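Take a look at the structure set out below.
The values are calculated or read from the model by the stated rules, or taken from the named source; none is laboratory data. Just so we're clear, the structure is a prediction, and the values are computed from it rather than from any experiment. Cβ placement follows ideal geometry from the backbone for every residue including glycine, while neighbour counts extend to all protein chains displayed. The protein model used for the area step is the full one, side chains on, heavy atoms only, and it has no ligands, DNA or RNA in it. Shrake-Rupley method; radii C 1.70, N 1.55, O 1.52, S 1.80 Å.
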Amino acid sequence: MILLPLFLFQSAVPASDGSLPTIDEVQFSECIKQAEIDAPSAVAQASEWTQKGGGYLARACHGYALATDFKFDLAIPLLSEAARGAEAKKDGRAARFWAQAGNAAIAIGELDVALNALDRARATASLFPSERADIEIDRARTLVGLNRNGEAEAALTTARSLAPENATAWLLSATLARRENKLPDALAFIQTAAPLSPRDPAVALEAGNIAIAAGDETSARKQWEQVIAIAPKSRQADSARAQLAALGSSTAPPKDGQSR
């Protein structure tokens, strides 16, 4: 499931000169809040607002609400229209709307569409470093899907530089390095990710994957058991159980949910 980053949509706030936000900005802010609470209701409201001439902000919220309701195919064109409208008005949020369109395209496997949108987003100067890092992470995912691993590595290098505190950048770097059989790099990356996100089952799962690839069965078992202890009902736990079963281990966690 693709999570929809909230940084892409700024709430209505007073302008730098202290003036109050416009009616459209207030309506946009309220629409985004409604999408978080009741996406179908926000879709209906945003659609009506769009039909009444709400412009690119109405389209942005309409697209966001659709994406929040997992209707990614319908969200992409609306978010793209919002991005173009914002560009025409020299609104710095254009980059964020492009990024959201790319995020939605990844969710349904439209990788060429995703990469085009993400590249348009990263071409602007209106993003914070942490936002740029998120875009580079999404670009890396897209590029891996397009079998362009070298470019994906470069995107992740940029993401780590922009946001060294972003555990996902280190985790994905570790996964890609392991797949490329660059085990020393993979180990270094996952060792950085672990303290940044110590309760993330995906990090523990990947640590086990790297350990087994390096021939360290003991560490692999420990990491996979930790996955089950952290999130016993997660898909990562299912993967960990399968890996442990392949090693001939009993995969059922104790009744108290703690690893042995």
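Summary table
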{"read-out": "Pairs with Cβ under 8 Å, 6+ apart, first in the stretch 176-197 and touching a residue at least 24 places away in the same chain (Cβ under 8 Å), second assigned to a loop (DSSP other than H, G, I, E, B)", "value": "Leu183/Ala214; Leu187/Ala214; Ala193/Asp200; Leu196/Glu165; Leu196/Asn166"}
{"read-out": "All positions within the stretch 173-209 that are in contact with a Lys or Arg (Cβ under 7 Å, 6 or more places away or on another chain) and either surrounded by fewer than 21 Cβ atoms within 10 Å (Cβ to Cβ) or aliphatic (A, V, I, L, M) (or both)", "value": "Ala186"}
{"read-out": "Glu151 being in contact (Cβ under 8 Å) with a residue 40 or more places away in the chain and within 27 Å of Ala107 (Cα to Cα)", "value": "no"}
{"read-out": "Residue list for the stretch 172-231, filter: more than 18 Å from Ala155 (Cβ to Cβ), assigned to a helix (DSSP H, G or I) and of a type in the set (S, T, N, Q)", "value": "Gln191, Asn209, Thr218, Ser219, Gln223, Gln226"}
{"read-out": "Any helices (runs of 4 or more DSSP H) falling wholly within the stretch 19-129 and containing at least 2 residues that are open to solvent by 80 Å² or more (accessible area, probe 1.4 Å)", "value": "23-37, 39-51, 72-88, 111-122"}
{"read-out": "Positions within the stretch 70-103 being within 25 Å of Asp38 (Cβ to Cβ), at pLDDT 95 or above and either in contact with a Ser or Thr (Cβ under 9 Å, 6 or more places away or on another chain) or of a type in the set (Asp, Glu) (or both), in sequence order", "value": "Asp73, Ala75, Leu78, Glu81, Phe97, Ala101"}
{"read-out": "Hits in the stretch 215-230 (condition: closer than 19 Å to Leu172 by Cβ and surrounded by fewer than 19 Cβ atoms within 10 Å (Cβ to Cβ))", "value": "none"}
{"read-out": "Test: residue in the stretch 124-132 that is of a type in the set (A, V, I, L, M) and modelled with pLDDT of 95 or more", "value": "no"}
{"read-out": "Cβ pairs under 7 Å, 6+ apart, first in the stretch 202-224 and in contact (Cβ under 8 Å) with a residue 24 or more places away in the chain and among the polar types (S, T, N, Q), second open to solvent by 10 Å² or more (accessible area, probe 1.4 Å) and assigned to a helix (DSSP H, G or I)", "value": "Asn209/Arg178"}
{"read-out": "Selection within the stretch 159-171 - assigned to a helix (DSSP H, G or I) and open to solvent by 70 Å² or more (accessible area, probe 1.4 Å)", "value": "Ser161"}
{"read-out": "Meets criteria (buried (at least 21 other Cβ atoms within 10 Å of the Cβ) and touching an Asp or Glu at 6+ places or on another chain (Cβ under 6 Å)) for Leu156", "value": "no"}
{"read-out": "Residue among Asn209, Asn181, Asn166 that alone is out of contact with any His (no Cβ under 8 Å at 6 or more places or on another chain), among the polar types (S, T, N, Q) and under 30 Å from Arg96 (Cβ atoms)", "value": "Asn166"}
{"read-out": "Every residue from the stretch 122-144 that is among the polar types (S, T, N, Q) and in contact (Cβ under 8 Å) with a residue 40 or more places away in the chain", "value": "Ser130, Thr142"}
